[in-house]
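Working notes, structure below.
The values are calculated or read from the model by the stated rules, or taken from the named source; none is laboratory data. Not measured: the values here are computed from a predicted model. For neighbour counting, all protein chains shown are included, and Cβ atoms are generated from backbone atoms with ideal geometry for every residue, glycine included. For accessibility, only protein heavy atoms count, side chains too; no ligands or nucleic acids. Shrake-Rupley method; radii C 1.70, N 1.55, O 1.52, S 1.80 Å.
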Amino acid sequence: MRMPRRGLVIQARTRWLLVGLALLFSLVLLMYLLECAPQTDGNGSLPGVVGESMGKEYYQALLQEQEEHYQNRATSLKRQIAQLKQELQEMSEKLKSLQEKKSPKVNGMNYQGTKEQTSNDLLEFLHSQIDKAEVSVGAKLPSEYGVIPFESFTSMKVFQLEMGLTRHPEEKPVRKDKRDELVEVIEAGLEVINNPDEEDGQDEDDGVGDRQLYSENDFIEGYYRTERDKGTQYELFYKKMDGMEYRHVTLFRPFGPLMKVKSETVDISRSIINVIVPLAGRTEAFAQFMQNFRDVCIHQDKRVHLTVVYFGQDGLSEVKSILESVARETDFHNYTLVSLNDEFNRGRGLDMGARAWEKGEVLMFFCDVDVYFTAEFLNSCRLNAEPGKKVFYPVVFSLYNPAIVYANQDIPPPVEQQLVHKKDSGFWRDFGFGMTCQYRTDFLTVGGFDLEVKGWGGEDVHLYRKYLHGELMVIRTPVPGLFHLWHEKHCADELTPEQYRMCIQSKAMNEASHSHLGMLVFREEIEAHLRKQAYRTNSEAAP
């Protein structure tokens with residue numbers, strides 16, 4: 001009995017598919033073995049020879065870092081294998097569809113057409129989720145409590161707002177699903193950059209050899225936030241070590257696969273920041289601020305203008321002397337000193353500083369004299385503010401009273417050594433909106449500060465709400481390079497009840513962590529316990 005010709009064709013296709021499956025699995029296994037094989041570095045120094053001065057802890061940390069790297073790569077390969085299995089499944093389904101020359105009709109419609117229509121409807125729904133989410137444009141919100149803040153992350157750490165009493169402000173992702181998520185997102189961003197399409201503005205004629213390829217080591221930082229009824233938004237930034245151009249990729253996961261929103265090159269090499277600081281008295285704090293400004297802005301960044309708005313006459317000469325001394329020693333003359341013979345008003349000071357600039361558009365950083373920032377923060381400021389589109393409201397990490405934090409030491413360590421993200425050293429100041437990066441035209445367009453607000457507090461919230469009620473996107477996220485240094489706070493009797501409440505709340509929050517405050521509250525009980533313990537020990541030791 002001769003087999004029909006159609007059966008021979010199907011049998012031949014099945015045979016070739018099985019051969020293809022075997023070859024594909026062999027290729028996947030080979031890739032896995034190559035990726036997981038330990039790499040040797042001919043230039044690495046042997047312990048006890050060149051690196052003898054480095055302690056055991058250094059090598060343990062290095063081994064742990066390498067182990068985490070290989071674990072991440074293994075996870076990535078497993079995910080790729082799963083995707084290949086899915087593709088094989090799809091190929092099997094295609095073969096099955098070839099075997100059925102005439103697809104059955106469903107209500108008069110071809111079954112394959114129904115499947116394609118379902119796929120198109122799903123894709124349309126996913127894109128509608130992006131359109132509804134606050135990804136490309138801002139959303140009008142009723143108050144500051146309606147904002148969904150971002151959380152920031154690097155390739156190794158996450159900086160988070162929601163801590164409760166167990167989590168830490170800075171930590172490595174503990175949950176495996178969170179680690180896998182961030183690794184996947186970073187790799188997806190690299191895929192977008194290294195394999196651009198027509199929408200990214202790069203010609204298809206440009207070969208791979210003509211483009212700079214980015215790797216995991218080029219990832220600088222990222223932000224993510226989740227709108228619970230839409231999906232998760234990711235803002236990713238990559239940069240080559242020796243370049244000034246950043247690659248910015250926006251991804252969105254609409255409770256499904258990641259979908260690219262945009263990919264762009266951001267050049268910040270010519271972006272000047274006007275740092276505006278309102279001040280009255282506190283010349284010692286200003287001298288410390290200028291030391292940080294000298295190290296970060298003058299020696300490292302070199303693209304900053306400083307505007308100091310000083311209230312009153314007491315201490316004005318000292319401030320002038322500090323500025324002139326820095327200018328003389330560093331040849332830095334990009335500063336403006338505005339003198340106002342009035343009572344201190346932070347909102348008015350920042351408003352005067354913004355209007356004192358006469359060179360057109362500029363990015364402004366509203367800062368306080370007690371704030372310590374890094375060069376990396378200045379770049380975050382440039383990357384997250386865009387004229388007419390978005391303003392940046394970073395969440396500051398506020399340090400506690402060093403006299404309490406370091407009570408077991410004779411004197412607190414230098415400021416630079418206090419800049420750590422730990423539960424007992426500080427907290428994310430998520431109720432403060434005073435530190436912000438925004439363009440001058442946007443500030444003037446919304447009407448600036450409410451100058452009727454007198455004394456301490458309130459003016460920053462009013463400005464923040466103006467942006468929330470408008471069309472601009474507000475980027476709200478904790479950043480690792482921005483610290484508020486502790487200082488004694490005095491709540492004046494002249495403040496309004498609302499201002500006084502805010503001042504006392506801020507004062508209490510600034511003093512110490514939950515555990516340290518508890519130790520202070522129960523000090524007498526603890527001392528009594530220690531005395532009883534000492535007495536019992538002495539009694540037992542007596543003959």
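So the values come out like this:
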| item | result |
| --- | --- |
| Surface per residue (accessible, 1.4 Å probe) for region 273-518, Å² | 43 Å² |
| Apportionment of accessible area to carbon and sulfur, region 273-518, percent (1.4 Å) | 50 percent |
| Alpha carbon centroid spacing (whole Å) that separates region 290-317 from region 161-192 | 36 Å |
| Residues of region 279-307 with amide N under 17 Å of a point placed 7 Å along Cα→Cβ from Arg328 | 287, 291 |
| Too-long pairs where the Cα-Cα distance tops 26 Å, listed order kept, from Lys157/Lys240; Lys176/Lys262; Lys423/Lys507 | Lys176/Lys262 |
| Rounded accessible area of Leu472 (nearest 10 Å², 1.4 Å probe) | 30 Å² |
| Cα→Cβ-extended label distance, 7 Å offset, between Leu530 and Glu284, nm | 2.8 nm |
| Which of Arg228, Arg465 is most accessible, then next, and so on - probe 1.4 Å | Arg228, Arg465 |
| Cα-based Kirkwood hydrodynamic radius, region 273-518, one decimal, Å | 18.7 Å |
| Length-normalised contact order of region 425-512 in % [C-alpha pairs under 8 Å, at least 6 apart] | 31 percent |
| Where labels lie 7 Å past Cα in the beta-carbon direction, separation of His69 and Glu471 in nm | 4.7 nm |
| Filter on Lys359/Lys389; Lys178/Lys302; Lys389/Lys489; Lys78/Lys140; Lys172/Lys239; Lys78/Lys389 - keep pairs with C-alpha separation over 31 Å | Lys178/Lys302; Lys389/Lys489; Lys78/Lys140; Lys78/Lys389 |
